[in-house]
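The next block holds one structure in the form of structure tokens; read it before the comments.
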Number of protein chains: 4
Amino acid sequence: MTETDRRLAISAPDPRTLDLIFTNEALAQLRSKYEIVEADPEDIAGLGDAVLRRARYIIGQPPLSHETLDRMPQLRCILNVESNLMNNMPYDVLFQRGIHVVTTGQVFAEPVAEIGLGFALSIARGIVDADVDFREGNELWGGDGNVGARQISGSDIGIVGFGDLGKALNRVLSGFRANIKVFDPWMPRSILEDHGVKPASLEEVLTTSDFVFVVAAVTSENKGFLGADVFASMRKGAAFILLSRADVVDFDALMAAVASGHIVAASDVYPQEPLAKDHPVRKLKGFLRSAHRAGALDSAFKKMGDMVLEDMDLMDRGLPPMRCKRAERETVSRMRSKPVTKN
Amino acid sequence: MTETDRRLAISAPDPRTLDLIFTNEALAQLRSKYEIVEADPEDIAGLGDAVLRRARYIIGQPPLSHETLDRMPQLRCILNVESNLMNNMPYDVLFQRGIHVVTTGQVFAEPVAEIGLGFALSIARGIVDADVDFREGNELWGGDGNVGARQISGSDIGIVGFGDLGKALNRVLSGFRANIKVFDPWMPRSILEDHGVKPASLEEVLTTSDFVFVVAAVTSENKGFLGADVFASMRKGAAFILLSRADVVDFDALMAAVASGHIVAASDVYPQEPLAKDHPVRKLKGFLRSAHRAGALDSAFKKMGDMVLEDMDLMDRGLPPMRCKRAERETVSRMRSKPVTKN
Amino acid sequence: MTETDRRLAISAPDPRTLDLIFTNEALAQLRSKYEIVEADPEDIAGLGDAVLRRARYIIGQPPLSHETLDRMPQLRCILNVESNLMNNMPYDVLFQRGIHVVTTGQVFAEPVAEIGLGFALSIARGIVDADVDFREGNELWGGDGNVGARQISGSDIGIVGFGDLGKALNRVLSGFRANIKVFDPWMPRSILEDHGVKPASLEEVLTTSDFVFVVAAVTSENKGFLGADVFASMRKGAAFILLSRADVVDFDALMAAVASGHIVAASDVYPQEPLAKDHPVRKLKGFLRSAHRAGALDSAFKKMGDMVLEDMDLMDRGLPPMRCKRAERETVSRMRSKPVTKN
Amino acid sequence: MTETDRRLAISAPDPRTLDLIFTNEALAQLRSKYEIVEADPEDIAGLGDAVLRRARYIIGQPPLSHETLDRMPQLRCILNVESNLMNNMPYDVLFQRGIHVVTTGQVFAEPVAEIGLGFALSIARGIVDADVDFREGNELWGGDGNVGARQISGSDIGIVGFGDLGKALNRVLSGFRANIKVFDPWMPRSILEDHGVKPASLEEVLTTSDFVFVVAAVTSENKGFLGADVFASMRKGAAFILLSRADVVDFDALMAAVASGHIVAASDVYPQEPLAKDHPVRKLKGFLRSAHRAGALDSAFKKMGDMVLEDMDLMDRGLPPMRCKRAERETVSRMRSKPVTKN
């Protein structure tokens, strides 16, 4: 194949890098199948018409103007490997022209679900405190060390949000014979039922669960929707596990509910990241802390490249992308999860 | 029902107590269906023939002589709620007479499996150290905090021993699409295959797994069978998770393998329990500690009473017990797990 | 709510009827939430601007001209309850305007999968012939009646096509511990792997399976792609089960392969429907016949109405439809399954 | 190994044969590991002390007297490959001596469960009649041919008996998301719950199910326990599927209930086998017939040999048999399923 025979893809994956999201083998495949033009994301317009005219794919989400898009008649898809949609391109034009905008955030669902279950088991069985006590010679043996311990098997579990992450949680919980209720206002009940979970109101999920997993994305409508009244309504001793974004909760109210002993909690996300060295959550008993590490596994990043290659292959053959998630006209402007600044 | 109509059961559950192993409701049912004679386990013979002659069940495993058994013509079953079989009664006589000896240790399988998975997830994702670092203001954010982190989904998992606990582990792992290999020389391969796991040699299980769970009971044959050479043969960075009894491993060799950085480990059991305050495992990096707490959940103990009631009900109707596990002529003398002295 | 407050939906579900696809309860809900204008599908243009201007949804797939669409500024979605896409509207305009075109064919997946498994079990165990022989006093007892009988459990199964129907087949087969291979050129391998099946070439699926299920839709590219050479390449005695459309096979070659004794077959679809009274398939031994009955269950049709209501509810709230399947720009013109003329 | 080193097994598998129950490979393994003495089952005593003294296993269930057993001091196990226990040996002596009596009937569970599901699907979708009509040119197309058709997915299913066969049925039904209730008075509720089914009374199972599977063994207590009142109590149109033994039902009442149109039925077993040529069940509409073919698959028989080898291997190593099912002191005299006279 000569250079000009190959389809052209603009690479602007910032803050990711090709090396982060492709295995060596996948990167070799990418470079062999496509002509890759590595671009400064801040200056796609500067690439010149020889490139823009032939560009079929963009890997990344660089700012794009209406005018720049007009210069790219063959553009088929923007493969956004950051995965939070920024408001830096005219989505209406893209949708009108049938240019797909797809995201690869699904790669994080499995690792986040795994650490979420890890948090739940750690809380249910006091794994962290038991190890810390043991290091210091203060461990309690046998049943003495199990006050408050409980099983996940057979428990009542609530999940708030049933996107890729909620589904992944449901899957890793499948061996636990738990009673799983889900609140997701964007999801028809019948789809929840097809996944074997019980559709429920937010209130029911919160007030009748032993473990509540919050995996809802932040939207323009749900900022801070989980506050003091919500925590007060939870079962005494229930566990609240926050895995999506801190903006969906009133974080001070969450800390207060844990400090009072009413509930226990784990969180991977915080109102500020990084967090002040003297933030009170650092010393809060009953709170399990993780520093936004839930999804950022190297193995997850590497799956992004695989997804990009699979969908480019489908589009090369005149088919629509299926592996990545498509941005939707209706919701593109509602999503408000902040993009990451570091991987 | 008059007192003498009810079947008689001798209660000698030491070190358990009836209150530990029965819920209030189950205990009320036990007392209403049966005449319960609470006995000093060290003096069953002293109960007198009026009791012994009518005794149909013994709850517990008190020492019993051949002579005492001869005085109990109606005895149908010894329901051993400690669950490790002591060598304190003539099992041959019991088997000859068709008196069942059953144990309730199965109740621990699910909680042990859950904490075992919790250990694996904690190790895989650094949950304990990340929280400790966060408390102290030393946390690393995002991918920086995930060096060495990995997923269980899709990993290679080895299980040594496939009794109740191995099966429970396989069940809680069922949502992880892992590749599970099992070594159990007491179990036909076809039973392993029926459970969807791959029968494998001990060597294969140890050398080709990312996570190795040891749940084998101690027998007269396998004491210390996991030593330095075994740990050296494991994959670099693999996790060794010990959930049954410390006697199956060479504990010093295990610590050395972790100290060298070759493997990481978690253990719920120790050569001495409680352990010396200055035992080196307390400060060992890469080792997750738990003080024999894996099974001793109140909810587990309470299931013992339910099992006892279900099997007594079957035997009352002339059926064999099915819920508890039966001691076997062939293996009763081989089992060498030490009975617990505390719950 | 006054009449004009309610959103307006044009009803033109021909060949379906509202009574066929809605339960009484669902129809009451439809009529209460929406202003339903029942229309002659051949004359949507004749409805007048008072209706067209307000029309938000069309239930059905009536012919629509560019001009008519221009008179419907509020149109959000065409809910095609026939489910095969006819070439009777300017799809490019619809896609450009962001008007969704969705189909409800997914309702047939479960009943078709069930009868498909029923065909496989009937073939594997000779259920039909055994009953016919029994009626006539010619039955063979026990093992004598099981020559050629075999199990599905543990067998090699091939599925050609992994849309809704392939996935439903995989689900009803999940209790059989079978080795399932799938060929679907429109589907990335990783999605197949996520469903626990093995991605395979068409050749591998056909030559290494004991049971082959064909559930691929007809496209402009795959007409008659399963011919004499394909059948010859199958395992001796394997079963070929055709559930989608007759156009994907060379039907004469299929009959010849069955007549020769090389394979056995079942089919729900035929080159002509209804079929000539003297068609040779009627008397063909080793062939199980069904008259395009696989999906047309009343319970399936009734789910269409539920899907329509769920997606209209999502769109009423500014969300994209999720329950029905969306037509895609890339494939809308490729699908060539003939629409049904009767339900 | 010299002849006398090998353990001796007496072969008397009548009505089975070694060739029926062992694959060539397994038979070679049997002959290489063991000294096999093929015996006339009617004259085990005549084998002579040289054989009897060394006999460790008996494959089959030949008549055995107390005296003959006394001449076999090394006997460890009787591997009954017919699988119904005849009253032709002193079981009390065997149990007292700790000689295991095991059966291999579990091999039939999977094929019987498969044909049982095949019967259910055939009934639910009219598979047999649709094919017969099609042969004769009387087929009805599409929905016209589906009057009364229904899905198993989501239906209410009742299972009477939860031994190996009930469990296998539950497994092959696992992809159908059905609501499964089980009646089994020999089985504790908690075991049923562990299998994900709902324990229920016989009445509840019969009156609230769309499909009732009867897989209960005949005992001295349940002969004919399913009679006219039971069939009358079933849901209108429900399916009654008989897979174990005809003796558990009042067969005339079953036929009457089907003839009246109240229920539909399938059966693999009959009051007399073979059945009179003019028996009215032969022409009964709504009744699906099979001539005791459910389990008698060659692949099932061959598994018997594998089970025998696996358990002999365990016993050779001083372990109890685990693969076959053990006869129980309590129930050995209650089982009343007639042994087969042909395979």
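None of the figures in this text is laboratory data; all of them are computed from the coordinates on show. Since this is a predicted model, take the numbers as computed values, not measurements. Note that each Cβ is placed from the backbone with ideal geometry, even for glycine, and that neighbours are counted across all protein chains shown.
One table, with the values for the structure above:
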quantity	calculated
Top positive-direction residue, dipole computed over the range D:1-154 with Cβ charges, set D:Gly154, D:Gly48, D:Trp141	D:Gly48
Shielding by partners, peptide D:307-313 (average Cβ within 10 angstrom, other chains)	2
With Cα atoms, 0 to 90° folded angle of helix A:298-316 axis to chain A main axis	40
10 Å Cβ neighbours from other chains, averaged over peptide A:175-187	3
Antiparallel DSSP beta bridges within chain D, as percent of all bridges there, nearest 5	5
Rel. contact order, % - alpha carbon contacts under 8 angstrom, at least six apart, chain B	18
In sequence order, calculated HN-Hα J values of the range A:201-216 (Karplus, 6.51, -1.76, 1.60; Hz; x Gly/Pro)	6, 4, 4, 5, 4, 6, 8, 10, 10, 8, 9, 10, 9, 9, 10, 6
Shape call, the range C:190-269: gyration tensor on alpha carbons, a/c limit 1.5	oblate
Stokes-Einstein diffusion coefficient of the range D:135-206, Kirkwood radius over Cα pairs, 37 °C, 0.692 mPa s, in µm²/s	236
Part-to-part distance (alpha-carbon centres) for the range B:263-304 and the range A:127-175, which is given in Å	16
Distances in nm from C:His66 to the matching label points in the other copies, shortest first (labels 7 Å along Cα to Cβ)	2.3, 10.3, 10.5
Tensor-based shape of the range B:109-289 (alpha-carbon gyration tensor, a/c under 1.5 rounded, otherwise prolate or oblate)	oblate
Amide H within-cut-off set for D:Thr219, under 5 Å, with H built and near neighbours excluded	D:Arg336
Three-way shape call for the protein assembly as shown based on the alpha-carbon gyration tensor, with the a/c threshold at 1.5	oblate
For the axis carrying chain D to chain B: nearest C-beta residue of D, whole Å	D:Gln96, 3
Percent RCO, i.e. relative contact order, over the range D:1-125, from Cα pairs under 8 Å lying at least 6 residues apart	23
The range C:110-289: relative contact order in percent, alpha carbon pairs under 8 Å with at least 6 residues between	19
Among beta bridges that DSSP assigns inside the protein assembly as shown, antiparallel share in %, nearest 5	5
Integer Hz, Karplus 6.51/-1.76/1.60 couplings in order for the range B:67-73, x for Gly and Pro	5, 4, 4, 4, 7, 10, x
Peptides D:281-294, A:269-282 ordered by average Cβ neighbours within 10 Å, highest first	D:281-294, A:269-282
Helix C:109-125 axis, angle to chain C major axis (alpha carbon atoms, nearest 10°)	10
Sum of -39500 (n - 2.57) over DSSP H runs of 4+, divided by residues of chain B (222 nm, nearest 500)	-9000 deg cm²/dmol
GluC sites (Glu not before Pro) lying in DSSP loop within the range D:188-262, provided at most 11 other Cβ fall within 10 Å	D:Glu221
Ordering of B:151-160, A:232-241 by burial proxy (mean other Cβ atoms within 10 Å per residue, highest first)	B:151-160, A:232-241
